[in-house]
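The values are calculated or read from the model by the stated rules, or taken from the named source; none is laboratory data. Just so it is clear, the model here is predicted, and its values are computed rather than measured. Every residue, glycine among them, receives a Cβ derived from its backbone with ideal geometry; neighbour counts consider all protein chains shown. Each accessible area value is taken on the protein alone, full model and side chains, heavy atoms only, with ligands, DNA and RNA left out. Shrake-Rupley method; radii C 1.70, N 1.55, O 1.52, S 1.80 Å.
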Amino acid sequence: MVRLHNVMTAALLFVALPLLTEHAMPRLVRPHGYLNLDVGIALAVAALSLNLLLGYAGQISLGHAGLLAIGAFASGIVTSRWHGPMALGLVLAMVVSGGLAFLVGLPALRLRGLYLAIVTVVFGLVMQYSVLRSTVFSGGSAGVALPRRVWGGRVFTDNTVYLVVSLLLLLAVWVVDDNVVRSRVGRAFRVIRENEAVAQSFGIAVTRYKLLAFVVSGAMAGLAGAMYGHAIGFVNNESPFNFNLSLQLVIIVIIGGLGRRAAVVVAALVFWVLPSFISGLHAWAYIAGALGLMVTVSRHPDGIADLLRRERPPSFDDDAVEDDSLPALPDLPVPDRPGALTTPAGQPLLEVHEVSVSFGGLRAVDAVSLTVPAGRITGLIGPNGAGKSTLFNAISGLVTTTRGHVRYRGEQIQDLRADQRARLGIARSFQQVGLAKDLSVRENFLLAQHQVAGYGDLAAIAMTPTVARVERELAERADQAIESLGLVHLSGLPVRNLSGGQQRIVEIACLLVTAPELVMLDEPSAGMAPAAAESLAGRLRELRDTLGRTVLIIEHNVPLMLD
Ligand code: ADP
Ligand code: MG
């Protein structure tokens with residue numbers, strides 16, 4: 001499914017870019033205008049690939065050139081050695097690079113930041129100095145040809161045709177990128193980038209989505225490499241698949257703006273195409289790039305996308321946030337399709353038995369036992385530092401217990417990951433508001449429905465009609481929830497721009513939008529206006545009485561607790 005503005009972008013690309021060829025502008029454009037454009041478009045695809053990984057999922061790769069290289073050689077081997085069609089070469093390039101990216105992604109499950117950067121640098125260097133130097137694979141300096149083979153002996157050499165093919169491929173990648181962003185896949189990527197614990201508490205399998213980000217990005221990079229190869233017609237071990245290229249891609253994505261698709265494409269085209277048209281600028285490209293990077297990072301941290309955006313979100317300073325702007329909690333939305341209840345009221349739903357948690361030498365939770373009966377509200381009180389939040393983490397699976405066990409619906413759940421426990425219907429709030437704060441209020445409500453979206457990730461990437469329909473339902477429910485909270489005017493704002501109290505209410509509403517069986521609240525009234533805190537008690541009672549849900553609550557507010 002393709003959206004209107006994508007069609008318009010495509011139209012723009014198809015009209016604007018061919019004007020840059022020597023055919024259209026023989027005077028201005030140097031010979032090889034086509035070649036430069038083709039390479040620029042391949043680079044744009046490569047930049048989109050890195051943008052998906054770095055901009056959305058927050059995983060750095062400084063070895064992306066290695067993935068491009070494998071794609072280029074794979075397509076070369078298919079088209080020149082096996083005499084296969086270019087289409088097959090492109091597909092194989094995506095498969096091989098996607099598979100390789102999966103392997104690069106494995107360390108990312110444990111490493112982040114600088115350490116992950118180093119691992120990916122090493123990957124890029126290994127590709128550059130070992131794999132690409134092996135004559136068996138890359139043909140050494142003789143290299144591998146990449147004929148634009150249609151089928152059998154038919155090869156197309158027409159540059160206009162290849163330019164159109166390149167543009168169509170860029171468009172395809174653009175659409176896939178758009179589908180990712182608009183589905184639960186992209187939301188999962190972006191919450192992982194921000195806070196993995198929050199992602200897990202929404203039932204998102206962090207490992208799976210990190211690897212998916214690597215694989216999709218790798219496939220795009222392989223395609224970009226193959227497009228580059230077919231543009232030049234030949235790759236060898238001197239080809240520019242080196243650390244410089246990896247670095248250029250990172251620069252392009254940062255200058256364009258992390259996670260800003262259109263700006264990243266523009267940055268890639270400008271970065272490559274401009275210097276190659278205006279001779280003399282070429283040598284200055286790196287200096288210009290470096291200056292651009294410095295200006296971007298210091299003045300426009302959101303990239304040039306920041307400059308292109310027409311309106312900035314209003315920023316809320318403290319005096320703009322009035323406590324009486326908080327919605328009354330009784331208006332929290334009641335889910336239209338609450339999940340099934342599994343445990344009869346009064347029976348134990350959650351049993352914690354002699355659970356201990358230690359941080360190094362500090363025993364934060366020491367042999368705690370408690371039972372939470374279904375259909376009741378259970379309170380947990382204790383002084384600061386007593387280990388209440390840590391106990392919540394142990395129940396929801398965010399810390400490992402050193403002793404004891406946790407049963408839910410009569411079954412042991414200690415061995416389950418946090419996201420698996422969330423999918424069993426255990427929802428929790430965090431003492432420090434557990435939302436994706438870079439995402440808007442509306443996107444958080446969509447994110448909160450991750451588990452009920454229930455479509456496959458591949459279907460999401462293709463944006464099948466089912467996915468589109470489910471997304472419309474989720475959006476409807478999100479909008480209803482936002483409306484009943486009276487937060488319509490804040491719907492598009494990043495959550496971090498809301499006041500503490502507003503964030504808290506959005507968090508609780510997000511928890512309730514899927515009606516989990518067990519709701520665990522960690523000091524929910526902290527930061528709320530007294531009136532809102534008062535109405536919280538009523539709302540929790542309603543949750544118990546009308547929906548039969550179970551609540552476990554940590555609270556310092558004694559009147560609320562007694563109520
Ligand atoms: P409460 O929620 O009851 O105020 P916490 O569970 O937050 O208490 O903390 C209990 C103890 O465990 C405190 O001494 C705190 O400093 C310590 N603690 C909590 N989380 C960690 C952690 N991730 N690493 C080390 N110590 C921690
Ligand atoms: Mg606490």
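Here's the yes/no breakdown for (1) more than 22 Å from Ile251 (Cα to Cα); (2) under 20 Å from the mean Cα position of the chain (by Cα):
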residue	(1), (2)
Ala69	no, no
Met86	yes, no
Val91	yes, no
Gly105	no, yes
Leu109	yes, yes
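Just to check your reading of the model, which residue among Val513, Val495, Val558 is of a type outside the set (Gly, Ala, Ser) and either in contact with a Cys (Cβ under 9 Å, 6 or more places away or on another chain) or within 16 Å of ligand 1 (Cβ to nearest atom) (or both)?
None of the others qualify; the one that does is Val558.
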With criteria (1) closer than 17 Å to Asn444 by Cα; (2) in contact with a strand residue (DSSP E or B) (Cβ under 8 Å, 6 or more places away or on another chain), Pro147 comes up short on (1)
If we scan the stretch 492-506, do we find a residue that is hydrophobic (A, V, I, L, M, F, W, C), farther than 23 Å from Glu194 by Cα and modelled with pLDDT of 90 or more? no
Take the stretch 216-244 and flag every residue that is surrounded by fewer than 21 Cβ atoms within 10 Å (Cβ to Cβ) and aliphatic (A, V, I, L, M). Ile232
Scanning the stretch 353-386 for residues that are near ligand 1 (Cβ under 9 Å from one of its atoms), touching a Lys or Arg at 6+ places or on another chain (Cβ under 8 Å) and farther than 18 Å from Thr550 by Cα gives Val357, Gly382
For the stretch 162-170, indicate whether the set of residues that are more than 24 Å from Leu269 (Cα to Cα), open to solvent by 10 Å² or more (accessible area, probe 1.4 Å) and not aromatic (Phe, Trp, Tyr) is non-empty. no
Residues satisfying the stated conditions in the stretch 376-392, i.e. farther than 10 Å from Val365 by Cα, within 13 Å of ligand 2 (Cβ to nearest atom), open to solvent by 30 Å² or more (accessible area, probe 1.4 Å) and in contact (Cβ under 8 Å) with a residue 60 or more places away in the chain: Leu380, Ile381
Gly454 passes all but one of the listed conditions (1) on the phi > 0 side of the Ramachandran plot; (2) buried (at least 17 other Cβ atoms within 10 Å of the Cβ); the exception is number (2)
Which pairs do you get when a residue that is modelled with pLDDT under 80, found in the stretch 121-146, comes within reach of a residue that is assigned to a helix (DSSP H, G or I) and basic (Lys, Arg), reach meaning Cβ atoms under 8 angstrom, with the pair 6+ apart or on two chains? Gly140/Arg133
Can you pull out the residues in the stretch 147-161 that are in contact with a helix residue (DSSP H, G or I) (Cβ under 6 Å, 6 or more places away or on another chain) and either open to solvent by 50 Å² or more (accessible area, probe 1.4 Å) or free of Cβ contacts under 8 Å to residues at least 60 places away in the same chain (or both)? Asn159
In the stretch 519-557, what residues are within 16 Å of ligand 2 (Cβ to nearest atom) and β-branched (Val, Ile, Thr)? Ile553, Ile554
List every residue pair whose Cβ atoms sit under 7 Å apart, with the two residues 6 or more apart in sequence or on different chains, where the first one lies in the stretch 47-59 and is part of a helix (DSSP H, G or I) and the second, anywhere, is open to solvent by less than 10 Å² (accessible area, probe 1.4 Å) and among the hydroxyl-bearing types (Ser, Thr, Tyr). Ser49/Ser217; Leu50/Ser61; Leu50/Ser217; Leu52/Ser217; Leu53/Ser61; Leu53/Ser217; Leu54/Ser61
Pro516 - would you say it is crowded, with 19+ Cβ neighbours inside 10 Å, in a loop (DSSP other than H, G, I, E, B) and either away from ligand 2 (no atom under 16 Å from the Cβ) or of a type in the set (A, V, I, L, M, F, W, C) (or both)? yes
Restricting the first residue to the stretch 512-524 and requiring it to be free of Cβ contacts under 8 Å to residues at least 40 places away in the same chain, which pairs with a second residue that is polar (S, T, N, Q) and within 16 Å of ligand 1 (Cβ to nearest atom) meet a Cβ separation below 9 Å and a spacing of at least six or different chains? none
For the stretch 524-543, state whether one or more residues are within 16 Å of ligand 1 (Cβ to nearest atom), of a type outside the set (Lys, Arg), surrounded by fewer than 21 Cβ atoms within 10 Å (Cβ to Cβ) and at pLDDT 90 or above. no
Which members of the stretch 364-374 meet the condition of being open to solvent by less than 30 Å² (accessible area, probe 1.4 Å) and either farther than 19 Å from Tyr408 by Cβ or touching a helix residue (DSSP H, G or I) at 6+ places or on another chain (Cβ under 6 Å) (or both)? Ala364, Val365
Which one is surrounded by the most Cβ atoms within 10 Å (Cβ to Cβ), of the residues in the stretch 89-111 that are free of Cβ contacts under 8 Å to residues at least 24 places away in the same chain and not aliphatic (A, V, I, L, M)? Pro107
Hey, among the residues in the stretch 393-413 that are of a type in the set (Gly, Ala, Ser) and away from ligand 2 (no atom under 16 Å from the Cβ), which one's farthest from Thr546 (Cα to Cα)? Gly404
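Condition check ((1) modelled with pLDDT under 90; (2) more than 22 Å from the chain's Cα centre (by Cα); (3) among the β-branched types (Val, Ile, Thr)) across all residues:
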{"position": "Met227", "(1), (2), (3)": "no, yes, no"}
{"position": "Ser239", "(1), (2), (3)": "yes, yes, no"}
{"position": "Leu249", "(1), (2), (3)": "no, no, no"}
{"position": "Val253", "(1), (2), (3)": "no, no, yes"}
{"position": "Ser276", "(1), (2), (3)": "yes, yes, no"}
{"position": "Trp284", "(1), (2), (3)": "yes, yes, no"}
{"position": "Leu291", "(1), (2), (3)": "yes, yes, no"}
Filtering the stretch 463-492 down to residues that are touching a Leu at 6+ places or on another chain (Cβ under 9 Å) and open to solvent by less than 10 Å² (accessible area, probe 1.4 Å) yields Leu474, Ala478, Ala481, Ile482, Leu485, Leu487, Leu490
Is at least one residue of the stretch 411-428 within 16 Å of ligand 1 (Cβ to nearest atom) and not polar (S, T, N, Q)? yes
